[in-house]
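Peer 1: Next up is a structure, given as structure tokens.
The values are calculated or read from the model by the stated rules, or taken from the named source; none is laboratory data. Source: prediction; values computed, not measured. Using ideal geometry, Cβ is built from the backbone for each residue, glycine included, and neighbour counts are taken over all protein chains shown.
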Amino acid sequence: MSNVGNLDRIIRFILGAVLAVAPFVTGWPIWSDSLAFWGAIIAGAVLVATSALGFCPIYAALRLSSKRQRT
């Protein structure tokens, strides 16, 4: 069952891709901390995965949906 709308999926994909790639390409000092480095990669991967699947477990637990309802 899908609970993530199209605009939400696009935003999740872009933000997730940026988070997953940023530690490798920016060279910012924040990425020298291993928690920030791995946290960004994991958060990015989760956002990309929820975008690809169209399902967010947090939305499901809270009974939310960003998907447009058919009438």
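Peer 1: Could you check how many residues of the stretch 44-71 are of a type in the set (D, E, K, R) and either surrounded by 14 or more Cβ atoms within 10 Å (Cβ to Cβ) or assigned to a helix (DSSP H, G or I) (or both)?
Peer 2: Residues of the stretch 44-71 that are of a type in the set (D, E, K, R), as a first pass: 63, 67-68, 70.
Now narrow it down to the ones that are either surrounded by 14 or more Cβ atoms within 10 Å (Cβ to Cβ) or assigned to a helix (DSSP H, G or I) (or both): 67.
Counting residues in the stretch 44-71 that are of a type in the set (D, E, K, R) and either surrounded by 14 or more Cβ atoms within 10 Å (Cβ to Cβ) or assigned to a helix (DSSP H, G or I) (or both) gives 1.
Peer 1: Is it fair to say Phe37 is touching a Phe, Trp or Tyr at 6+ places or on another chain (Cβ under 7 Å) and either among the aromatic types (Phe, Trp, Tyr) or modelled with pLDDT of 95 or more (or both)?
Peer 2: Numbers: touching a Phe, Trp or Tyr at 6+ places or on another chain (Cβ under 7 Å): yes; either among the aromatic types (Phe, Trp, Tyr) or modelled with pLDDT of 95 or more (or both): yes.
Yes: the conditions hold for Phe37.
Peer 1: Between a first residue in the stretch 54-71 that is free of Cβ contacts under 8 Å to residues at least 12 places away in the same chain and a second residue that is outside any loop (DSSP other than H, G, I, E, B), which pairs have beta carbons less than 9 Å apart while being 6 or more apart in sequence or on different chains?
Peer 2: Correct list of pairs: Pro57/Thr50; Ile58/Thr50.
Peer 1: Output the residue which, of all residues in the stretch 1-16 that are closer than 15 Å to Pro57 by Cβ and exposed (fewer than 15 other Cβ atoms within 10 Å of the Cβ), is farthest from the chain's Cα centre (by Cα).
Peer 2: Met1
Peer 1: Tell me, please, whether a residue that is touching a Gly at 6+ places or on another chain (Cβ under 8 Å), touching a residue at least 40 places away in the same chain (Cβ under 8 Å), not in a loop (DSSP other than H, G, I, E, B) and not charged (D, E, K, R) can be found in the stretch 13-20.
Peer 2: no
Peer 1: Let me ask something additional. Condition test on Ala36, is it touching a residue at least 24 places away in the same chain (Cβ under 8 Å), in a helix (DSSP H, G or I), surrounded by fewer than 17 Cβ atoms within 10 Å (Cβ to Cβ) and not polar (S, T, N, Q)?
Peer 2: Taking the combined requirement at face value, the residue does not satisfy it.
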